[in-house]
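Take a look at the structure below.
The values are calculated or read from the model by the stated rules, or taken from the named source; none is laboratory data. Just so you know, these numbers come straight off a predicted model, no measurement behind them. As a convention, Cβ positions derive from the backbone with ideal geometry for all residues, glycine included, and neighbour counts pool all protein chains shown.
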Amino acid sequence: MPAKPMTAALILLALVGTIHAADKSPNQILAGKPAATSGGSSRYYDGYGSFAGRASQNGTGTYLYDGHGAFAGRVDSSMGSTRIYDGKGAFAGRTTTSGSTTSFYDAKGSFTGRSTTSGNSTWFYDSKGALSGRADASGGTTRYYDRQGRFVGRKGK
């Protein structure tokens, strides 16, 4: 995944509303956190290959829909930062990007983790610095893995 902030795919690890575990949604990838993009439209699939939802870009906004087509949230990007809203339009968190590192904050402004990108891979860390997952981009597809390295989902056009 290229390290160009806000122009390449950006994986967000911030809560975008409460989603029931049985629902299929981009929010279910990476342990209930959304896998959203800031570049282009994408379709998401869980670790078993089932459709988990989609993201559609319009200007600086990316709109998330769950696997049933219901609106699940919005991500607004501008100049190195991103604001995240849940499916009801309430502010749910934000990110800031500096170089190849993105920091994540919840709706109250508390730090919730960070990601670092090198080449085509992005590593995610929780608020205490422990590894929480990884994303590898190749050939237009991004594959997501949990902290143990198990495949948990993918994103494609």
Please give the number of the condition Gly153 fails out of (1) touching a helix residue (DSSP H, G or I) at 6+ places or on another chain (Cβ under 8 Å); (2) assigned to a loop (DSSP other than H, G, I, E, B). (2)
With respect to Gly89, is the statement that it is touching a residue at least 12 places away in the same chain (Cβ under 8 Å), at positive phi and either surrounded by 12 or more Cβ atoms within 10 Å (Cβ to Cβ) or not β-branched (Val, Ile, Thr) (or both) true? yes
Name every residue in segment 118-132 that is under 17 Å from Asp146 (Cβ atoms), in contact (Cβ under 8 Å) with a residue 40 or more places away in the chain and small (Gly, Ala, Ser), in order of residue number. Ser121, Ser132
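For Thr122, state whether it is part of a strand (DSSP E or B), farther than 19 Å from Lys155 by Cα and modelled with pLDDT of 85 or more. It would help to see each step written out before you state the result.
Values: part of a strand (DSSP E or B): yes; farther than 19 Å from Lys155 by Cα: no; modelled with pLDDT of 85 or more: yes.
The answer is no for Thr122.
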When every residue in segment 124-148 that is among the small types (Gly, Ala, Ser) and more than 17 Å from Asp46 (Cβ to Cβ) is compared, the one surrounded by the fewest Cβ atoms within 10 Å (Cβ to Cβ) is Gly139
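Working carefully through the options Gly109, Gly59, Gly17, find the one that is loosely packed, with under 13 Cβ neighbours inside 10 Å and modelled with pLDDT under 80.
Numbers: Gly109 fails: modelled with pLDDT under 80; Gly17 fails: loosely packed, with under 13 Cβ neighbours inside 10 Å.
None of the others qualify; the one that does is Gly59.
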Could you please find all residues in segment 65-86 being in contact with a Ser or Thr (Cβ under 7 Å, 6 or more places away or on another chain) and either in a loop (DSSP other than H, G, I, E, B) or surrounded by fewer than 15 Cβ atoms within 10 Å (Cβ to Cβ) (or both)? Gly67, Ser78, Gly80
In segment 61-80, how many residues are of a type in the set (S, T, N, Q) and under 14 Å from the mean Cα position of the chain (by Cα)? 2
